[in-house]
Each structure stands twice: as C-alpha cells, then as structure tokens.
C-alpha cells in the first residue's frame, strides 16, 4: 500500500521552455488542422503574439517535469504496475512559443479500490508562466495495479 503520508508531497518545481518547433510538432502529431498552431503568420493574423500551444500541450510539460523513475520510486511500485488513469484540464491563459513555464506538482489524494488491488494517486499541477501568471492547472490520476 502506498503511504498516505505522501499526501501533500510537493515535487521539485521545474521550469521548461515552450519551443516553437515543438508546438508545430505536437500540432501535427495530434492532427490539429487550425493553422494558428503551426503557421506564425496565421497566428499573428488571429491576434496572437506568436504560436499558441495546442490544447493539452501542458500535459507534455507535466510529463517532462518529473522523471518517471523518480515517480515509481516515490510510489514504491515498478513501472509495469503504473498506469495513467485520468487527466483534467483548466485553462486560465494562453501558452505561447517563447514562454517559460514552471510546473508545480503536488500529491493531493491517495486511495484504493478493490481491497487494495488498485491504488490511486491524485496530483494537482499548476503551470505558471515567466510573468507569474497561472496559465493552466491539471489533475492527474495515476493507478497502481497490485
């Protein structure tokens, strides 16, 4: 069983760059057809200062901010047991190419189901840009199969 003392645990805050090339790559990978996500001229014509991040891009920053091996060590499981269960997004402001986003991740709940065969770790993640503006927040539910 995961130690419930981990509730409240705060991961190290990591600041990551939002790169124009990566935004284009993600837009292409998810099949985004709106040109504002890949064409700078289209983005500026639509009133954006530069390329905006496609929807759910902040999840990639969350993944980049925490080493997977550190995560399984903290949770006391092995990689084969760990699943991504659910993701929720709340957006407060746009994320743009050239931004530097600080990712703050915290364990907010731990619970189990099926008499401990499934354990759930709920994290809250805040994404704050270089100007101190919270641009997004996510919740991530990890599942450990015992």
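No lab work stands behind these numbers, since they all come straight from the coordinates. Remember, predicted model here, so these are calculated numbers, not experimental data. No Cβ is skipped: glycine too gets one built from the backbone with ideal geometry, and neighbour counts run over all protein chains shown.
Would you mind calculating the gained length between residue 1 and residue 16 on full extension (0.36 nm times residue separation, minus the Cα-Cα distance), in nm to one decimal?
Values: separation 15, 0.36 × 15 = 5.40 nm, distance 3.28 nm.
Here the segment from residue 1 to residue 16 would lengthen by 2.1 nm.
Once label points are set 7 Å from the Cα along Cα→Cβ at both residue 124 and residue 46, what is their separation, rounded to one decimal in nm?
3.1 nm
Please give the length that would be gained between residue 133 and residue 67 if that part of the chain were fully extended, namely 0.36 nm times their separation in residues minus their C-alpha to C-alpha distance (nm, one decimal).
21.3 nm
If I histogram all Cα-Cα distances within region 64-104 using bins 10 Å wide from 0, what percent of pairs lands in each bin?
All Cα pairs considered, the percentages come to 20, 40, 28, 13.
Could you work out [θ]222 nm for the chain from helices alone, using -39500 (n - 2.57) per DSSP H run of at least four and dividing by all its residues? Round to the nearest 500 deg cm²/dmol.
The helix contribution divided over the chain gives -6000 deg cm²/dmol.
What does the convex hull of the Cα atoms come to per residue for region 107-146, in Å³?
Residue-normalised Cα hull volume stands at 53 Å³.
Taking all pairs of different Cα atoms in region 76-136, averaging 1/r and flipping that mean, what Kirkwood radius in angstroms comes out?
For region 76-136, the Kirkwood estimate is 13.9 Å.
In µm²/s, what is D for region 21-94 at 25 °C and 0.890 mPa s, where D = kT/(6 pi eta Rh) by Stokes-Einstein and Rh is the Kirkwood radius from Cα pairs?
Translational D for this selection: 169 µm²/s.
Expected output is a single nm value to one decimal: the length gained when fully extending between residue 109 and residue 91, i.e. 0.36 nm times separation in residues minus the C-alpha distance. What is it? Each step should come with its number before you reach the end.
Values: separation 18, 0.36 × 18 = 6.48 nm, distance 2.18 nm.
My answer for the length gained is 4.3 nm.
Give the calculated FRET efficiency between residue 146 and residue 34 to the nearest 0.05, with a Förster radius of 30 Å applied to their Cβ-Cβ distance.
Once rounded, the FRET efficiency stands at 0.10.
Report relative contact order for region 93-146 in percent, whole number only (criteria: Cα-Cα under 8 Å, sequence separation at least 6).
36 percent
Based on alpha-carbon positions alone, could you give the equivalent ellipsoid semi-axes of region 25-146 from the gyration tensor, as √(5λ), descending, whole Å?
Working: eigenvalues 215, 45, 28 Å².
Result for region 25-146: semi-axes of 33, 15, 12 Å.
With the convex hull built on the Cα atoms of region 1-64, state its orientation-averaged projected area in nm². Let's see the in-between values first.
Working: hull surface 25.3 nm².
Spelled out: convex hull of the Cα atoms, projected over all directions, averaged, 6.3 nm².
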